[in-house]
Amino acid sequence: MNKRYLISEVAKQFNVSKNKLRFYEKKGLIKPKRDDENNYRYYTEGDLIKLQAILLYRLLNIPINDIKDIINNNCSHNMLEHFNKQWLAVNDEIHRMGLIRNSLENIMDSIYDSNNVRLQEKIHNSIESMGKIYEIKESWKDRWNFDSWANTYDNSVKRNIGSTKIYKKYEEVLENVYRLGTKNTPINAKILDIGVGTGNLSKKFLENGYNNIIGLDQSREMLNVAKSKFPNLKLRLGEFLKIPFENNVFDLIVSTYAFHHLNEEEKSVAIREMLRVLKENGKIVIGDLMFRNEMTKKEIYRNFSKEQISEIEDEYYSNIELLKKEFAKYNKELYSYNIDKLVFVVEIH
Ligand SMILES: C[S@@+](CC[C@H](N)C(=O)[O-])C[C@H]1O[C@@H](n2cnc3c(N)ncnc32)[C@H](O)[C@@H]1O
(Lines give C-alpha, C1' and ligand atoms only; values in the text may rest on other atoms or scores of the structure.)
Protein backbone atom coordinates (compact mmCIF):
# COMPACT_ATOMS: atom_id res chain seq x y z
CA MET A 1 0.00 0.00 0.00
CA ASN A 2 1.22 3.54 -0.80
CA LYS A 3 2.41 5.57 2.15
CA ARG A 4 -0.19 7.79 3.82
CA TYR A 5 0.42 10.75 6.10
CA LEU A 6 -1.78 12.24 8.81
CA ILE A 7 -2.36 15.98 8.91
CA SER A 8 -0.16 16.34 12.01
CA GLU A 9 2.72 14.56 10.26
CA VAL A 10 2.37 16.76 7.19
CA ALA A 11 2.19 19.93 9.28
CA LYS A 12 5.37 18.92 11.10
CA GLN A 13 7.24 17.88 7.96
CA PHE A 14 6.47 21.16 6.13
CA ASN A 15 6.53 23.37 9.19
CA VAL A 16 3.04 24.76 8.57
CA SER A 17 0.00 24.88 10.84
CA LYS A 18 -2.81 22.36 10.51
CA ASN A 19 -5.14 25.33 10.04
CA LYS A 20 -3.21 26.35 6.97
CA LEU A 21 -3.53 22.83 5.53
CA ARG A 22 -7.29 22.89 6.18
CA PHE A 23 -7.47 26.32 4.54
CA TYR A 24 -5.74 25.04 1.36
CA GLU A 25 -8.21 22.16 1.36
CA LYS A 26 -11.18 24.51 1.77
CA LYS A 27 -9.91 26.57 -1.18
CA GLY A 28 -9.68 23.39 -3.28
CA LEU A 29 -5.90 23.46 -3.73
CA ILE A 30 -5.30 20.11 -2.20
CA LYS A 31 -7.78 17.32 -1.58
CA PRO A 32 -6.65 14.75 1.01
CA LYS A 33 -8.82 11.66 1.17
CA ARG A 34 -10.54 10.37 4.31
CA ASP A 35 -9.87 7.06 6.00
CA ASP A 36 -12.89 4.70 5.60
CA GLU A 37 -12.86 3.70 9.25
CA ASN A 38 -11.90 6.71 11.35
CA ASN A 39 -12.59 9.44 8.76
CA TYR A 40 -9.17 11.02 9.43
CA ARG A 41 -7.67 12.96 6.56
CA TYR A 42 -4.72 11.32 4.93
CA TYR A 43 -2.24 12.75 2.46
CA THR A 44 -0.56 10.72 -0.30
CA GLU A 45 2.93 11.27 -1.75
CA GLY A 46 1.20 13.07 -4.64
CA ASP A 47 -0.53 15.42 -2.19
CA LEU A 48 2.82 16.23 -0.59
CA ILE A 49 4.39 17.10 -3.93
CA LYS A 50 1.44 19.40 -4.59
CA LEU A 51 1.74 20.94 -1.16
CA GLN A 52 5.41 21.65 -1.68
CA ALA A 53 4.56 23.48 -4.92
CA ILE A 54 1.81 25.48 -3.17
CA LEU A 55 4.15 26.58 -0.40
CA LEU A 56 6.85 27.57 -2.90
CA TYR A 57 4.39 29.59 -4.99
CA ARG A 58 3.19 31.30 -1.81
CA LEU A 59 6.79 32.40 -1.25
CA LEU A 60 6.43 34.30 -4.53
CA ASN A 61 3.26 35.86 -3.12
CA ILE A 62 1.13 34.31 -5.86
CA PRO A 63 -2.57 34.56 -4.91
CA ILE A 64 -4.33 31.35 -3.83
CA ASN A 65 -6.70 31.27 -6.83
CA ASP A 66 -3.81 31.64 -9.25
CA ILE A 67 -1.91 28.83 -7.53
CA LYS A 68 -4.99 26.65 -7.91
CA ASP A 69 -5.02 27.34 -11.62
CA ILE A 70 -1.27 26.72 -11.97
CA ILE A 71 -1.41 23.31 -10.29
CA ASN A 72 -4.57 22.23 -12.08
CA ASN A 73 -3.37 23.37 -15.48
CA ASN A 74 0.39 23.24 -15.45
CA CYS A 75 1.11 23.64 -19.16
CA SER A 76 3.94 26.12 -19.74
CA HIS A 77 1.68 28.67 -21.46
CA ASN A 78 -0.67 28.89 -18.48
CA MET A 79 2.21 28.98 -16.01
CA LEU A 80 3.89 31.79 -17.94
CA GLU A 81 0.62 33.78 -17.85
CA HIS A 82 0.50 33.56 -14.06
CA PHE A 83 4.19 34.20 -13.47
CA ASN A 84 4.10 37.14 -15.89
CA LYS A 85 1.12 38.55 -14.02
CA GLN A 86 2.94 38.24 -10.71
CA TRP A 87 6.12 39.69 -12.26
CA LEU A 88 4.16 42.77 -13.29
CA ALA A 89 2.51 43.09 -9.87
CA VAL A 90 5.86 42.86 -8.08
CA ASN A 91 7.44 45.30 -10.50
CA ASP A 92 4.59 47.80 -9.99
CA GLU A 93 5.09 47.63 -6.26
CA ILE A 94 8.88 48.09 -6.56
CA HIS A 95 8.31 51.19 -8.69
CA ARG A 96 5.77 52.60 -6.24
CA MET A 97 8.12 51.98 -3.34
CA GLY A 98 11.07 53.45 -5.28
CA LEU A 99 9.14 56.69 -5.79
CA ILE A 100 8.17 56.83 -2.13
CA ARG A 101 11.79 56.24 -1.10
CA ASN A 102 13.05 59.00 -3.42
CA SER A 103 10.47 61.41 -2.10
CA LEU A 104 11.37 60.60 1.52
CA GLU A 105 15.06 61.10 0.70
CA ASN A 106 14.27 64.53 -0.77
CA ILE A 107 12.21 65.43 2.26
CA MET A 108 14.96 64.39 4.67
CA ASP A 109 17.53 66.36 2.66
CA SER A 110 15.24 69.41 2.76
CA ILE A 111 14.91 69.09 6.51
CA TYR A 112 18.68 68.86 6.97
CA ASP A 113 19.41 71.72 4.58
CA SER A 114 16.66 74.23 5.02
CA ASN A 115 16.81 75.53 8.61
CA ASN A 116 13.03 75.36 8.50
CA VAL A 117 12.76 77.99 5.74
CA ARG A 118 9.58 77.14 3.78
CA LEU A 119 10.00 73.58 4.92
CA GLN A 120 6.34 72.57 4.70
CA GLU A 121 6.18 73.88 1.15
CA LYS A 122 9.25 71.90 0.13
CA ILE A 123 7.86 68.74 1.67
CA HIS A 124 4.51 69.17 -0.05
CA ASN A 125 6.18 69.90 -3.39
CA SER A 126 8.27 66.77 -3.16
CA ILE A 127 5.23 64.62 -2.43
CA GLU A 128 3.19 66.28 -5.17
CA SER A 129 5.84 65.73 -7.81
CA MET A 130 6.14 62.08 -6.74
CA GLY A 131 2.36 61.74 -7.01
CA LYS A 132 2.43 63.19 -10.52
CA ILE A 133 5.10 60.75 -11.72
CA TYR A 134 3.19 57.86 -10.14
CA GLU A 135 0.03 58.92 -11.95
CA ILE A 136 1.84 59.09 -15.29
CA LYS A 137 3.43 55.67 -14.75
CA GLU A 138 0.09 54.12 -13.85
CA SER A 139 -2.02 55.61 -16.59
CA TRP A 140 -0.26 54.42 -19.77
CA LYS A 141 -2.51 52.12 -21.77
CA ASP A 142 -1.93 50.18 -24.97
CA ARG A 143 -4.68 51.82 -26.99
CA TRP A 144 -3.31 50.39 -30.25
CA ASN A 145 -3.83 46.77 -29.14
CA PHE A 146 -0.43 45.38 -30.08
CA ASP A 147 -1.45 41.89 -28.96
CA SER A 148 -3.84 41.67 -31.89
CA TRP A 149 -1.18 42.93 -34.33
CA ALA A 150 1.60 40.55 -33.28
CA ASN A 151 1.03 37.76 -35.80
CA THR A 152 0.74 40.04 -38.81
CA TYR A 153 3.25 42.73 -37.77
CA ASP A 154 6.19 41.49 -39.87
CA ASN A 155 3.93 41.27 -42.89
CA SER A 156 2.68 44.84 -42.31
CA VAL A 157 6.29 46.03 -42.25
CA LYS A 158 7.04 44.18 -45.48
CA ARG A 159 3.99 45.67 -47.17
CA ASN A 160 4.95 49.09 -45.77
CA ILE A 161 1.36 49.71 -44.67
CA GLY A 162 -0.09 53.12 -43.87
CA SER A 163 -0.47 56.37 -45.76
CA THR A 164 2.80 57.89 -44.49
CA LYS A 165 4.92 54.86 -45.47
CA ILE A 166 6.89 54.84 -42.24
CA TYR A 167 8.38 51.41 -42.90
CA LYS A 168 9.95 52.35 -46.23
CA LYS A 169 13.41 52.49 -44.68
CA TYR A 170 12.77 49.98 -41.89
CA GLU A 171 15.88 47.90 -42.62
CA GLU A 172 18.04 51.01 -42.80
CA VAL A 173 16.70 52.26 -39.46
CA LEU A 174 17.43 48.95 -37.74
CA GLU A 175 20.87 48.77 -39.35
CA ASN A 176 21.74 52.30 -38.20
CA VAL A 177 20.58 51.64 -34.65
CA TYR A 178 22.64 48.46 -34.61
CA ARG A 179 25.72 50.18 -36.07
CA LEU A 180 25.61 53.19 -33.71
CA GLY A 181 24.75 50.97 -30.77
CA THR A 182 27.67 48.62 -31.29
CA LYS A 183 30.26 51.30 -32.02
CA ASN A 184 32.86 50.91 -29.24
CA THR A 185 30.52 48.49 -27.47
CA PRO A 186 32.17 45.26 -26.26
CA ILE A 187 30.63 41.97 -27.38
CA ASN A 188 29.65 41.03 -23.81
CA ALA A 189 27.80 44.34 -23.25
CA LYS A 190 24.47 44.17 -21.47
CA ILE A 191 21.84 45.43 -23.91
CA LEU A 192 18.14 46.22 -23.53
CA ASP A 193 15.82 46.42 -26.56
CA ILE A 194 12.65 48.25 -25.45
CA GLY A 195 9.48 47.61 -27.43
CA VAL A 196 11.24 44.57 -28.92
CA GLY A 197 8.08 43.57 -30.83
CA THR A 198 8.76 40.55 -33.02
CA GLY A 199 12.50 40.80 -32.36
CA ASN A 200 13.82 42.16 -35.68
CA LEU A 201 16.27 44.60 -34.09
CA SER A 202 17.47 42.17 -31.42
CA LYS A 203 18.11 39.65 -34.19
CA LYS A 204 20.90 41.86 -35.57
CA PHE A 205 22.67 41.87 -32.21
CA LEU A 206 22.26 38.11 -31.75
CA GLU A 207 23.53 37.37 -35.26
CA ASN A 208 26.70 39.28 -34.52
CA GLY A 209 27.46 37.67 -31.19
CA TYR A 210 25.86 40.24 -28.85
CA ASN A 211 24.10 37.52 -26.89
CA ASN A 212 23.67 39.50 -23.72
CA ILE A 213 20.57 41.24 -25.02
CA ILE A 214 17.12 41.32 -23.40
CA GLY A 215 13.95 42.26 -25.26
CA LEU A 216 11.29 44.11 -23.28
CA ASP A 217 7.74 44.61 -24.46
CA GLN A 218 4.37 45.34 -22.93
CA SER A 219 2.62 42.94 -25.36
CA ARG A 220 2.57 39.26 -24.44
CA GLU A 221 1.68 38.28 -27.99
CA MET A 222 4.57 40.25 -29.47
CA LEU A 223 6.86 38.42 -27.03
CA ASN A 224 5.38 35.08 -28.09
CA VAL A 225 6.12 35.82 -31.74
CA ALA A 226 9.65 37.01 -30.91
CA LYS A 227 10.27 33.84 -28.88
CA SER A 228 9.07 31.58 -31.67
CA LYS A 229 11.36 33.35 -34.15
CA PHE A 230 14.39 33.61 -31.85
CA PRO A 231 14.33 30.93 -29.15
CA ASN A 232 17.67 32.17 -27.76
CA LEU A 233 16.46 35.72 -27.20
CA LYS A 234 15.79 36.53 -23.56
CA LEU A 235 12.46 38.32 -23.22
CA ARG A 236 10.60 40.11 -20.48
CA LEU A 237 7.15 41.60 -20.14
CA GLY A 238 7.28 45.25 -19.12
CA GLU A 239 6.93 48.90 -20.00
CA PHE A 240 9.02 51.92 -20.86
CA LEU A 241 7.58 53.73 -17.83
CA LYS A 242 8.31 50.97 -15.35
CA ILE A 243 11.41 49.22 -16.64
CA PRO A 244 11.64 46.01 -14.62
CA PHE A 245 15.36 46.13 -13.87
CA GLU A 246 17.70 47.46 -11.20
CA ASN A 247 19.60 50.74 -11.48
CA ASN A 248 22.71 51.08 -13.70
CA VAL A 249 22.75 47.61 -15.26
CA PHE A 250 22.76 48.19 -19.04
CA ASP A 251 25.64 49.33 -21.25
CA LEU A 252 23.30 50.02 -24.13
CA ILE A 253 19.57 50.63 -24.57
CA VAL A 254 18.09 50.42 -28.06
CA SER A 255 14.58 50.84 -29.37
CA THR A 256 12.92 51.09 -32.77
CA TYR A 257 9.44 52.25 -33.74
CA ALA A 258 8.22 52.15 -30.12
CA PHE A 259 8.99 55.47 -28.39
CA HIS A 260 6.25 57.31 -30.28
CA HIS A 261 3.60 55.49 -28.26
CA LEU A 262 4.36 57.78 -25.34
CA ASN A 263 3.11 61.35 -25.07
CA GLU A 264 5.42 64.20 -23.96
CA GLU A 265 4.87 63.66 -20.23
CA GLU A 266 5.30 59.93 -20.60
CA LYS A 267 8.45 60.44 -22.66
CA SER A 268 10.08 62.39 -19.83
CA VAL A 269 9.25 59.63 -17.36
CA ALA A 270 10.57 57.04 -19.84
CA ILE A 271 13.79 59.03 -20.23
CA ARG A 272 14.20 59.11 -16.48
CA GLU A 273 13.59 55.36 -16.41
CA MET A 274 16.06 54.57 -19.22
CA LEU A 275 18.75 56.65 -17.54
CA ARG A 276 18.02 54.91 -14.25
CA VAL A 277 18.74 51.43 -15.64
CA LEU A 278 21.62 52.60 -17.87
CA LYS A 279 25.20 52.49 -16.59
CA GLU A 280 26.85 55.85 -15.93
CA ASN A 281 28.76 55.83 -19.25
CA GLY A 282 26.15 53.84 -21.18
CA LYS A 283 24.49 54.77 -24.45
CA ILE A 284 20.91 54.97 -25.77
CA VAL A 285 20.07 54.63 -29.46
CA ILE A 286 16.49 55.14 -30.65
CA GLY A 287 15.17 54.81 -34.19
CA ASP A 288 11.70 56.27 -34.43
CA LEU A 289 9.18 58.68 -35.87
CA MET A 290 10.21 62.24 -35.13
CA PHE A 291 10.19 65.84 -36.29
CA ARG A 292 13.24 67.99 -35.98
CA ASN A 293 11.15 70.75 -34.38
CA GLU A 294 7.72 72.38 -34.50
CA MET A 295 8.59 74.35 -37.64
CA THR A 296 9.60 71.34 -39.72
CA LYS A 297 6.45 69.57 -38.52
CA LYS A 298 4.33 72.42 -39.89
CA GLU A 299 6.20 72.33 -43.19
CA ILE A 300 5.66 68.59 -43.54
CA TYR A 301 1.97 68.90 -42.65
CA ARG A 302 1.54 71.52 -45.36
CA ASN A 303 2.27 68.89 -48.01
CA PHE A 304 0.41 66.04 -46.34
CA SER A 305 -3.16 64.87 -46.85
CA LYS A 306 -5.75 64.83 -44.04
CA GLU A 307 -5.43 61.06 -43.86
CA GLN A 308 -1.66 61.28 -43.42
CA ILE A 309 -1.93 63.94 -40.74
CA SER A 310 -4.54 62.03 -38.79
CA GLU A 311 -2.34 58.91 -38.96
CA ILE A 312 0.52 60.91 -37.42
CA GLU A 313 -1.72 62.53 -34.82
CA ASP A 314 -2.92 59.13 -33.62
CA GLU A 315 0.55 58.71 -32.11
CA TYR A 316 3.14 60.95 -30.47
CA TYR A 317 6.02 61.62 -32.84
CA SER A 318 8.97 63.06 -30.93
CA ASN A 319 10.15 66.61 -31.27
CA ILE A 320 13.94 66.28 -31.37
CA GLU A 321 14.49 69.75 -29.92
CA LEU A 322 12.40 68.84 -26.87
CA LEU A 323 14.11 65.47 -26.51
CA LYS A 324 17.48 67.20 -26.57
CA LYS A 325 16.38 69.53 -23.75
CA GLU A 326 14.98 66.67 -21.71
CA PHE A 327 18.22 64.67 -21.93
CA ALA A 328 20.26 67.81 -21.22
CA LYS A 329 18.59 67.94 -17.76
CA TYR A 330 20.62 64.82 -17.00
CA ASN A 331 23.79 66.19 -18.68
CA LYS A 332 23.35 63.91 -21.67
CA GLU A 333 23.99 64.94 -25.27
CA LEU A 334 21.66 63.89 -28.08
CA TYR A 335 22.85 63.51 -31.70
CA SER A 336 20.28 63.00 -34.44
CA TYR A 337 20.51 61.41 -37.89
CA ASN A 338 17.79 61.87 -40.45
CA ILE A 339 16.85 58.62 -42.24
CA ASP A 340 13.63 59.65 -43.93
CA LYS A 341 11.18 62.54 -43.81
CA LEU A 342 9.60 61.26 -40.61
CA VAL A 343 12.21 58.83 -39.36
CA PHE A 344 15.30 59.64 -37.32
CA VAL A 345 17.86 57.75 -35.34
CA VAL A 346 19.04 59.50 -32.19
CA GLU A 347 22.03 58.61 -30.11
CA ILE A 348 22.34 59.75 -26.51
CA HIS A 349 25.37 59.57 -24.19
C1 LIG B 1 5.58 49.19 -33.99
S2 LIG B 1 6.16 47.97 -32.90
C3 LIG B 1 7.92 47.98 -33.14
C4 LIG B 1 8.54 46.64 -32.86
C5 LIG B 1 10.04 46.52 -33.12
N6 LIG B 1 10.82 47.33 -32.22
C7 LIG B 1 10.37 46.89 -34.55
O8 LIG B 1 11.15 47.82 -34.76
O9 LIG B 1 9.86 46.22 -35.44
C10 LIG B 1 6.03 48.77 -31.33
C11 LIG B 1 6.29 47.83 -30.15
O12 LIG B 1 6.48 48.63 -29.00
C13 LIG B 1 5.74 48.07 -27.94
N14 LIG B 1 5.40 49.16 -27.02
C15 LIG B 1 4.61 50.23 -27.28
N16 LIG B 1 4.54 51.00 -26.20
C17 LIG B 1 5.30 50.42 -25.25
C18 LIG B 1 5.59 50.72 -23.88
N19 LIG B 1 5.10 51.81 -23.30
N20 LIG B 1 6.40 49.90 -23.20
C21 LIG B 1 6.90 48.78 -23.79
N22 LIG B 1 6.63 48.43 -25.05
C23 LIG B 1 5.85 49.24 -25.77
C24 LIG B 1 4.54 47.43 -28.58
O25 LIG B 1 3.94 46.46 -27.78
C26 LIG B 1 5.14 46.89 -29.86
O27 LIG B 1 5.60 45.60 -29.70
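The values are calculated or read from the model by the stated rules, or taken from the named source; none is laboratory data. All values derive from a computational prediction rather than experimental measurement. Cβ: placed from backbone, ideal geometry, glycine included. Neighbour counts: every protein chain shown.
If you go through region 324-349 and keep only what is surrounded by 14 or more Cβ atoms within 10 Å (Cβ to Cβ) and among the polar types (S, T, N, Q), you end up with just Ser336. What are the residues in region 310-324 that are over 22 Å from Val177 (Cβ atoms) and charged (D, E, K, R), if any? Within region 310-324, Glu311, Glu313, Asp314 qualify. Residues of region 270-282 that are assigned to a strand (DSSP E or B) and within 19 Å of the chain's Cα centre (by Cα): Leu278, Lys279.
Yes/no matrix, rows are residues, columns are (1) in contact with a Lys or Arg (Cβ under 9 Å, 6 or more places away or on another chain); (2) loosely packed, with under 14 Cβ neighbours inside 10 Å; (3) part of a loop (DSSP other than H, G, I, E, B); (4) small (Gly, Ala, Ser):
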site	(1), (2), (3), (4)
Glu9	no, yes, no, no
Asn39	no, yes, yes, no
Tyr42	yes, no, no, no
Gly46	no, yes, no, yes
Leu51	no, no, no, no
Leu56	no, yes, no, no
Ile67	yes, no, no, no
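Can you confirm whether region 189-203 contains a residue that is loosely packed, with under 15 Cβ neighbours inside 10 Å and modelled with pLDDT of 95 or more? No, there is no match, as no residue in region 189-203 is loosely packed, with under 15 Cβ neighbours inside 10 Å and modelled with pLDDT of 95 or more. For region 239-256, the set of residues classified as surrounded by fewer than 22 Cβ atoms within 10 Å (Cβ to Cβ) and near the ligand (Cβ under 9 Å from one of its atoms) consists of Leu241, Lys242, listed by residue number. Of all the numbered requirements in (1) of a type in the set (S, T, N, Q); (2) under 19 Å from Glu347 (Cα atoms); (3) within 13 Å of the ligand (Cβ to nearest atom), Asn263 misses one, and that requirement is (2). Lys168 meets each of the listed conditions (1) closer than 22 Å to Leu342 by Cβ; (2) within 13 Å of the ligand (Cβ to nearest atom) apart from (2).
May I ask you to list the residues in region 185-227 that are near the ligand (Cβ under 8 Å from one of its atoms) and assigned to a strand (DSSP E or B)?
Asp193, Ile194, Leu216, Asp217
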